[in-house]
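Asker: Once you've had a glance at the structure underneath, I'll fire off some questions.
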Amino acid sequence: MEGGGFVRLDAHMGDDLSVVNAARVSFGARSDAMDERNAGLVRFLMRDRHGTPFEHNAFRFHIRCPIFVVREWMRHRIGSFNELSARYAEMKADFYVPAAADVRTQVGKPGAYVFEPVEAEHAERTRDAIAASYAAAFATYRALLDDGVAKEVARTVLPVGIFTEFYWTVNARSVMNFLSLRNHEAAQLEIRRYAVAVETLWGERMPVTRDAFVANARTAP
């Protein structure tokens, strides 16, 4: 991803079978392997929106992205977050500058607008202006630190385009809620790219659940 951003799966617990057994415990039953019957149960649970069996698992993601992406991400109050703190650590001069093809203009009214690309010269002018703004802000940040100002004060000049990193621990039901909104054509381009990566990593561990989610119009149970 641009600027060295990434999504990686740091650890996970549970899989498609954990969904099955969370449901079957209601009848005092348990399965030891996934088969077509159990896959059918997952599809039924998804279709009829029996959501709690999808909560008995955990995925811990490690993510590096711009702060403006994190602020959208943290609106999903369905998981646990721990983020790099600029109170304790000096920030690096790593900033998100959109690729020329990603510089866009907004056309239409709020709630009904679309985004369109700009001409090449306009895109490069925009990229240069963004980079210059970042450089000026970071120079001020460094000057404040060098002058003995506390990190928690100096950080106030840093823009939301600076990269940060965080851990996000979440269950599959909450992952699907996140994906239904952020891996969607209406989501902002930058966070959608991260959501695509989350879906790929999660889907590799829970392929039956992921397929059922897609078949259910990407609606979280």
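Asker: Roughly how big is the range 73-125's charge dipole about its Cα centre, with Cβ charges of +1 (Lys, Arg) and -1 (Asp, Glu), in debye to the nearest 20?
Answerer: About 420 debye.
Asker: Moving on to the next point. Over the range 100-157, with a single point scatterer placed on each C-alpha, what log10 of the ratio I(q)/I(0) does the Debye formula yield at q = 0.12, 0.24, 0.29, 0.30 1/Å?
Answerer: -0.50, -0.86, -1.05, -1.08
Asker: Please compute the volume of the convex hull spanned by the alpha-carbon atoms of the chain and report it per residue in Å³.
Answerer: 139
Asker: Let me ask something else. Treating the beta-carbon of each Lys and Arg as +1 and of each Asp and Glu as -1, no other charges, what is the dipole magnitude of the range 100-157 about its Cα centre, to the nearest 20 debye?
Answerer: The dipole of the range 100-157 has a size of about 220 debye.
Asker: I need the shape label for the range 137-193. Rule: rounded when a/c is under 1.5, else prolate if a/b > b/c, else oblate, with a, b, c from the alpha carbon gyration tensor.
Answerer: prolate
Asker: Of the options G203, I191, F44, report the single residue whose Cα projects farthest towards the positive end of the charge dipole of the chain (beta-carbon charges: Lys, Arg +1; Asp, Glu -1).
Answerer: Result: F44, furthest along the dipole toward the positive end.
Asker: Helix 120-146 against the longest principal axis of the chain: what's the angle in degrees, Cα atoms only, rounded to the nearest 10?
Answerer: 80
Asker: Counting pairs of Cα atoms in the range 1-130, how many percent are more than 19 Å apart?
Answerer: 69
Asker: Moving to a separate point now. From the phi angles alone, apply the Karplus equation (6.51, -1.76, 1.60; θ = phi - 60°) to the range 89-96 and give each ³J(HN,Hα) in whole Hz, x where the residue is Gly or Pro.
Answerer: Along the range 89-96, the couplings run 10, 6, 7, 8, 7, 10, 10, 8 Hz.
Asker: Then there's this: With the chain treated as a Gaussian network of Cα nodes joined by springs under 10 Å, which of A22, A172, A136 yields the largest mean-square fluctuation?
Answerer: Top of the fluctuation ranking is A136.
All of the numbers you see were taken from the coordinates with simple rules; none came from a lab. Note that the coordinates shown come from a computational prediction; the quantities given were computed from them, not determined experimentally. Glycine also receives a Cβ, built like all others from the backbone with ideal geometry; neighbour counts cover every protein chain displayed.
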